[in-house]
Structure formats: structure tokens, C-alpha cells
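Heads up: the structure comes next, in C-alpha cells.
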């Protein structure tokens with residue numbers, strides 16, 4: 001059994017139960033994982049729907065040009081459908097979107113024009129305006145306009161909604177989704193509420209978008225519009241596809257919460273998903289926390305996860321980008337020498353010689369309350385290491401071995417690092433098998449100091465307290 005084209009693989013994406021992140025709630029929480037679509041997102045559903053609707057309406061002829069303003073995912077959905085049907089694609093997007101999204105669109109053969117984000121929707125430079133202008137200038141072309149195109153909502157009414165109803169065997173009680181064009185949440189919810197009116201629909205909006213305030217106060221407040229980083233959700237316009245009447249509540253999520261939750265889902269649930277997925281689950285957790293008393297073990301909450309994490313490798317899954325935007329704490333700029341200066345205990349080197357007796361080393365380790373030490377020869381060369389574990393194993397094997405030289409049980413030498421080595425590289429040494437490192441004190445001092453994981457932890461705790469007191 002096979003499909004005639006890639007279009008046959010769209011839809012019927014899996015529902016996956018979430019466990020770790022939501023284990024403190026009484027209800028079942030499921031993720032509708034849309035990156036299983038061939039174009040990697042929920043927007044594959046509307047790509048084929050909008051093109052086929054345009055064909056039925058006679059709005060485009062064979063060999064024509066599909067034009068659309070997209071944050072990336074709709075473009076990919078349209079591109080794979082256009083390939084199967086023989087159309088050319090031109091997409092406008094904003095400079096806010098990840099480079100991966102632009103690369104995907106170009107990889108699928110589309111032409112991509114990148115427009116400025118921070119302009120008014122009716123500004124001739126906006127990605128809305130540029131798409132409209134191109135459709136007027138290019139013969140046999142159509143601007144599909146996913147924001148106001150009813151085929152967007154209809155696609156979810158005909159596919160996403162029925163899938164959720166069937167996959168949960170009608171047990172779904174809550175549906176949580178972000179909103180951008182409004183098609184996903186509106187079409188899916190309309191179908192679900194036709195099956196069971198009591199199903200609650202919760203929309204999730206990024207801070208900086210207009211939906212949250214408009215839902216709660218009925219006010220389109222331009223002062224609420226400001227730049228945000230979460231891609232593919234929220235709006236600075238009110239799309240015709242957004243049906244507020246079918247939504248029961250709206251919650252608002254900050255960028256930092258969305259980004260951190262995105263990475264938690266990957267790390268704790270094994271789902272490598274995109275920014276708007278993290279925003280949706282952060283919103284779901286926020287809403288469930290506020291309505292905990294209303295939830296029971298019989299409730300089934302479905303959260304829609306729109307796309308894949310591979311679209312955000314240079315952003316959400318890049319530690320430097322996350323720190324630069326305040327979504328991860330910056331690593332303290334600490335050197336090995338500073339870690340040693342912060343620790344409380346004596347920094348003098350305590351070492352064994354290769355010919356020292358094991359019994360003498362045991363006494364020295366006991367007196368100094370240490371569990372490991374380097375082995376250094378008469379030439380001041382680091383030739384090995386000895387740990388209480390190695391000593392214990394030898395004594396169990398041969399209780400009479402206390403007179404044996406340390407060289408008979410020593411392990412590999414601890415790594416030797418310069419005192420100027422920074423934390424990021426220092427911690428990498430300690431994350432490996434080495435239980436400690438030797439810090440070399442420069443050309444004018446041939447001595448060493450032992451630095452352990454516990455030294456590093458204590459020093460960082462001290463740095464954290466100092467930073468906290470200074471704030």
C-alpha cells in the first residue's frame with residue numbers, strides 16, 4: 001500500500017500522553033503532535049485545503065503562482081502541495097522568523113522575500129502588503145491569505161477535530177491551542193463542540209499579541225501590540241478566521257515561559273517540538289493550575305503541538321541565543337583560580353608519591369578528610385591518582401596490602417588545567433570520569449591545587465548568593 005503523492009500522508013497525527021511535566025494534575029493530558037505531517041507542522045492541513053478550494057473556485061489555472069505571507073510553516077505546507085500540483089510559490093515572511101524556516105521554504109523550491117517585522121500591517125513594507133502587491137502584479141497568481149481564507153478553518157473542521165474526537169473515543173473534555181490565523185483553534189473547536197457542547201476551549205496568546213485582551217474586554221488595543229519572540233502565534237490584526245465566540249477562555253504566556261517549556265518538553269517528554277508548542281503547554285499548565293479544583297481524573301485535556309523543534313535549532317535550542325535574550329541564566333564568568341579562592345578549606349596540595357605505602361596514604365586521607373589525591377613523583381610530574389574506592393577494592397581483595405606501594409593501585413592522572421581556565425571548560429573536565437582536576441599555578445609556580453566537583457558547586461553557590469545580594 002502506498003500514497004500517490006506526499007499529500008496522502010497529511011493528517012492522522014498521533015496523540016501522545018504527557019507524564020513528567022503534568023504529573024501533579026489529576027487529569028490526563030495529551031499532546032496532538034503535528035510535526036508528523038510531511039511538511040513538519042499543522043499547517044500542512046491548510047496548505048492543501050486552500051489550494052484545492054482556489055482550484056474549485058477557478059481562482060488559479062495550471063502552472064500558476066501561489067503567493068502567501070507566512071511565518072514559515074504555512075509556506076512549507078503550501079510548498080509541498082504546490083510541488084505535487086505543479087504550481088510556483090512566492091512567500092513573504094518577517095525578519096523575526098528563524099533562518100531554518102526560510103531555508104526550508106527555499107529548499108522546497110519557493111522564492112522567499114524577508115520583510116521587516118516592526119511595521120504596521122498596512123505599511124507597504126509589511127509581509128501582508130508585499131504579498132498582496134505581488135498577487136496584483138503577477139499574472140495567474142493568487143494571494144491565498146490564510147488569515148481570512150475560510151478554507152483554513154474548514155480544513156481543521158474536517159480533519160483535526162474529527163481526529164481528536166475519534167482518537168480520544170469522545171472522552172476529550174478540554175482543547176488547548178495557540179492562535180495566529182485562528183483557523184486551527186476555530187475549526188477544530190467548532191467540530192468538537194458540535195459533538196459535545198461541554199468541551200472547554202482555551203486559547204493561548206503570547207504577550208504582545210491582541211487576542212487575549214480582545215477576548216476578555218472586546219477591545220482592540222494597539223498599545224498591547226509590541227514585539228515578541230515566540231513564532232507562529234499571536235497577531236497584530238483580527239483575522240476573519242478567529243472565532244472568539246467558540247473559545248471559552250484565553251490565557252497569556254510570556255516568551256521566557258514559552259521557550260523554557262519548549263525545552264522541558266523535549267528533555268522530559270522526548271518530544272522535540274517548536275516554540276508555539278511550548279507556549280501552548282505553558283498556557284495549559286497555567287490554566288489548569290488556576291482551575292485545579294474543577295479538574296478530575298475523568299478529564300482529558302488535549303494540547304495542540306503545531307510544529308517541530310528542528311525549525312528552531314538556531315534559537316530555542318541554542319544556549320547562546322537563549323542566554324542573549326534572557327531566557328536562560330548566564331553562566332558566571334569564573335576561572336579555576338577564582339573557584340579555588342572561594343573555597344573554605346586549605347588549598348595546599350595533598351599528594352602521594354608512587355612509593356608511599358597504601359597504609360600511610362589511608363591515614364593521610366583520613367586526617368585530611370579527603371577521598372582522592374594525585375600521585376606525583378620526585379620530578380614533580382603527575383603520574384597517577386589514588387581514590388578511596390581503589391584502596392577499598394585492594395583491601396577487600398588482599399587485607400595484607402597496606403605495605404604495598406601506591407603505584408600498584410594508582411589510576412590515571414587527574415587532568416592538569418591552567419588557573420585561567422573558565423567555568424564552561426572546567427565543568428566539562430569534571431563531567432567526565434575525572435573526579436578532580438589539578439590546577440597549575442603558572443610558569444613562576446610549579447605547584448598544583450586539587451579542584452573537585454564539590455569545590456565547584458560550593459563556589460558557584462557563593463557566586464549565586466553574591467549576585468543575588470547585589471541585585
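None of the figures in this text is laboratory data; all of them are computed from the coordinates on show. Since the structure is predicted, the reported quantities are computational estimates derived from the model, not experimental observations.
Could you give the length gained on full extension between residue 16 and residue 458, defined as 0.36 nm per residue of separation minus the Cα-Cα distance, in nm?
Length difference between fully extended and current span is 155.1 nm.
Compute the long axis of helix 358-368 from its Cα atoms, compare it with the longest principal axis of the Cα atoms of the chain, and write down the angle in degrees, 0 to 90, nearest 10.
Between helix and principal axis, roughly 70 degrees.
Here are several values of P(r) over Cα pairs in 10 Å bins from 0, in percent: (1) 4, 17, 22, 16, 12, 11, 10, 6, 1, 0; (2) 4, 18, 30, 29, 15, 3, 0, 0; (3) 4, 19, 28, 24, 15, 7, 2, 1, 0, 0. Which one was derived from the coordinates shown?
Only one option fits the structure, namely (1).
If you line up the long axis of helix 127-137 against the longest principal axis of the chain, both from Cα atoms, how many degrees apart are they, to the nearest 10?
40 degrees
Expressed as an acute angle from 0 to 90° and rounded to the nearest 10, what is the orientation of the C-alpha long axis of helix 73-85 relative to the principal long axis of the chain?
Helix 73-85 and the main axis of the chain meet at about 60 degrees.
Translational diffusion coefficient of the stretch 44-143 at 37 °C, 0.692 mPa s, Stokes-Einstein with Kirkwood Rh over Cα pairs, in µm²/s as a whole number.
The diffusion coefficient I find is 245 µm²/s.
For the chain, what does the helix formula give at 222 nm: sum of -39500 (n - 2.57) over DSSP H segments with n ≥ 4, over the residue count, nearest 500 deg cm²/dmol?
When only DSSP H runs of four or more count, the value is -10500 deg cm²/dmol.
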